[in-house]
Amino acid sequence: MWRGVGGPQGAMVVSVLNPALKHFEGRTIAEIAKLQNKDPFDALMDFVIADHKHTGAVYLAWTRADVRLAMQQPWVSVGTDYY
């Protein structure tokens, strides 16, 4: 997934279980790494460990123009595997 979304700027934390990590919700891995002065991959691994693998994320693979075009198509629907 990491490479498919352009690296750390394409992966955004949207939910965490650990309350100490709540302030990172809505930030990309690139932003978190910069805030922590860490390599993005190291920041990601530290984050996953700190949240005991309960982190929810979205992957920003599409541009806004891509989404607009897709949503205009009659055969497109929205689904998620998030619970």
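The values are calculated or read from the model by the stated rules, or taken from the named source; none is laboratory data. Note that the structure is a prediction, hence the values are computed from the model and not measured. For neighbour counting, all protein chains shown are included, and Cβ atoms are generated from backbone atoms with ideal geometry for every residue, glycine included. Ligands, DNA and RNA are excluded from the accessible area calculation, which covers all protein heavy atoms including side chains. Shrake-Rupley method; radii C 1.70, N 1.55, O 1.52, S 1.80 Å.
Values as computed for the structure displayed
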{"item": "Which numbered condition Lys22 misses (of (1) touching a residue at least 12 places away in the same chain (Cβ under 8 Å); (2) assigned to a helix (DSSP H, G or I))", "result": "(1)"}
{"item": "From the options His23, His54, residue that is open to solvent by 80 Å² or more (accessible area, probe 1.4 Å) and under 17 Å from Asp81 (Cβ atoms)", "result": "His54"}
{"item": "Matching residues, the range 9-18, being more than 13 Å from Thr55 (Cβ to Cβ) and either modelled with pLDDT of 95 or more or open to solvent by 30 Å² or more (accessible area, probe 1.4 Å) (or both)", "result": "Gln9"}
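Listed here are the residues, each with its yes/no results for (1) of a type in the set (A, V, I, L, M); (2) surrounded by 11 or more Cβ atoms within 10 Å (Cβ to Cβ); (3) within 13 Å of the chain's Cα centre (by Cα).
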| site | (1), (2), (3) |
| --- | --- |
| Leu35 | yes, yes, no |
| Asp39 | no, yes, no |
| Ile49 | yes, no, no |
| Thr63 | no, no, no |
